[in-house]
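Every number in this text was worked out from the coordinates using simple rules, so none of it is lab data. Treat the numbers as computed from the prediction; the structure is a model and nothing was measured. Glycine gets a Cβ as well: all are built from the backbone with ideal geometry, and neighbour counts include every protein chain shown.
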Amino acid sequence: MIEGNGQTLASRIKRLIADSGLGHTDRLPPERDFSRQLGVTRGDLRRALAEMEADGLIWRHVGRGTFIGSRPVHNLDDVTFLGRLANPAELIDARLAVEPELARLAAAKAIRQDIEAIRTCCQRGRAAQEWRSYEAWDSNFHHAVAKATHNKLLVHLFDTLNAVRRSIVWGQMRSTGAPPADHRSFDEHDAITAAIEGRDGAGAAARMHEHLCSVRERVLPAMNR
């Protein structure tokens, strides 16, 4: 829905979230109150929220409400506890211990649908017009790699780690602009995907390790400012 000033309702909601200081897993106001606050109908609000949910920016649970971030697979209290327990450096160390091996196994186990899902995440990440949208598709990319292992225990382990990661990422201040066209993760994701598609397990693990080291170099200094 485009409003009179040319701004979409979804964009207004994103701005409101950014300005309010709400974080990952925080709940938005009930629809009745939120629509009144925004001066829109509940139908228009629901359409805007559906758009944001499709981009992985929010998730909705019938009877509980609308929450910020990607849908967690674990108890919200557990995610909050683990997020407070781990610092960003420990989180990246944990990812380095787990995700390269997930990429290695994905190269051996992935089927055509898995590759397509991974590629879609790469494409949607490159096309993201806001950092939060990019972060959602980045999260989806890493989940798609884990899912391609077809190992439910490993996917559960990854989902726990990823839920904590999202909790920490959403605590960072972000501009509303898009990632730059030369954002390093774009090519790094493509390299991981190519190795998985090529059934190159060692290459997939190495590319994932390089990617996470690159993330560490870029993210940790920014978080310590």
Arrange the following residues from fewest to most other Cβ atoms within 10 Å of their Cβ: Glu188, Glu31, Glu116.
Glu116, Glu31, Glu188
If each residue of separation counts as 0.36 nm, what is the full-extension length gain between Arg47 and Ala178 once their alpha-carbon separation is subtracted?
44.9 nm
Give me Arg64, Arg184 ranked fewest to most by other Cβ atoms within 10 Å of their Cβ, as a rough exposure proxy.
Arg64, Arg184
Full extension from Glu217 to Lys152: what is 0.36 nm times the residue separation minus their Cα-Cα distance, to one decimal in nm?
20.3 nm
So what is the relative contact order for the range 90-199, in percent, with contacts set as C-alpha pairs under 8 Å and at least six apart?
41
For a footprinting-style exposure proxy, rank Trp59, Trp137 by other Cβ within 10 Å, fewest first.
Trp59, Trp137
Going 7 Å from the Cα of Thr8 in the Cα-to-Cβ direction, what parts of the range 103-138 have a backbone nitrogen less than 18 Å from that spot?
121, 123-138
